[in-house]
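Participant: What follows is a single structure, and I will ask about it in a moment.
The values are calculated or read from the model by the stated rules, or taken from the named source; none is laboratory data. Quick caveat: nothing in here was measured; it's all calculated off a predicted structure. We place every Cβ from the backbone using ideal geometry, glycine too, and count neighbours over all the protein chains shown. What goes into the accessible areas is simple: the full protein's heavy atoms, side chains included, and nothing from ligands, DNA or RNA. Shrake-Rupley method; radii C 1.70, N 1.55, O 1.52, S 1.80 Å.
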Amino acid sequence: MNAQGVKDDTHLGVLLESSNYIAQIKLDGMRAIVHVTQDGLRIFSRSAGVADPTKPLEKTSSLPHLAALKFPELVGTVLDCEILIPGKDSAELAGTVHRKELNQDNTKVKLFVFDILLINGKKLTERPLRHRLSELLQISHKIKSDDIIILPYATTPIQKRKLYDKVIASGGEGIMLKRLDAPYVEGARPANTWFKAKKSARYDCVVMGFSTGKGKYNNQIGAVRFGQYIDGKLTELGQASGMNDGIRQDMTNNPSKYLDQVVMIKGMERLKSGAIRHPQFGGMHLGKHPLQCIWYQNEQ
């Protein structure tokens, strides 16, 4: 989605308090652009297909129950959506949508609409998000299907905080915070337009080494290689960057000072392999002994 990650709890608080940002649930599905035509819906991915890299991949034939839906009053309307199977993640959805033969899972896919690009052929992308959301609200009663959901959003600081807390408590991915005065831009989204606030966990790990930096960090350490003890053996589980310039330089100058020390790694979740999804350096945890950094298999 080309969204920026929320930096920390302070940054999240600023966005939740800002009247210029709305909040929506972050869905773990697949992005789709949906065209309303006279013959039904045509559903495209945001990315190009392998056969023709100049055109987005069409998913219409994989989702016949959605393709058959007709909304005569909305012909010429284009919607930005997330498609997903409730209760399943994006990997399972991709396996369903990209499978050549259809099965019962295909009919479980639903469309969650969060933006509108055209309405009856009228271009809306240059209008701010608050205007597009208003247009979407006005046509919501014309989209009559149990398989299409207009994604609700929260506007006040209290509503946004409640939404975030509810999503995290229920095990969801997090929320998206979107700027109300921003136009719709395809491709790389301008900075400070969308932010994602995901669930985050902290893991105490052992520093096992470092990787060389690239770009502006090509003469410094780029990331910390970290691991935990599994069945009594220290096992590498990933690499994490995100340290400030001072710590990065000190690690570069004095790597032995950090080796075999405990580091706090922030990440979205633990994968079945034990690896941590989207790891980020969270600081040193000097009060903990490395031998205490243990992962018991299947422990999340």
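Participant: When segment 255-272 is examined, which residues are found to be in a loop (DSSP other than H, G, I, E, B) and either under 21 Å from the mean Cα position of the chain (by Cα) or aliphatic (A, V, I, L, M) (or both)?
Facilitator: Listed by number, the residues that qualify are L259, M268, E269, L271, K272.
Participant: Can you pull out the residues in segment 269-287 that are of a type outside the set (G, A, S) and loosely packed, with under 13 Cβ neighbours inside 10 Å?
Facilitator: K272, R277, L286
Participant: Okay, moving on. Looking at segment 185-214, I want the residues that are of a type in the set (S, T, N, Q) and have a partner that is assigned to a strand (DSSP E or B) and open to solvent by less than 20 Å² (accessible area, probe 1.4 Å) with Cβ atoms under 6 Å, at least 6 apart or on another chain. Which pairs are those?
Facilitator: Close Cβ pairs satisfying both conditions: S211/G222; S211/A223; T212/G222.
Participant: Next up: Of all the residues that make up segment 241-268, how many are open to solvent by less than 70 Å² (accessible area, probe 1.4 Å) and farther than 12 Å from V224 by Cα?
Facilitator: 6
Participant: Let me ask something else. Restricted to segment 48-104, and to residues that are in a helix (DSSP H, G or I) and more than 29 Å from M176 (Cα to Cα), which residue is modelled with the lowest pLDDT?
Facilitator: Q104
Participant: Among the residues of segment 146-179, how many are out of contact with any Ser or Thr (no Cβ under 8 Å at 6 or more places or on another chain) and open to solvent by less than 40 Å² (accessible area, probe 1.4 Å)?
Facilitator: Number of matching residues: 14.
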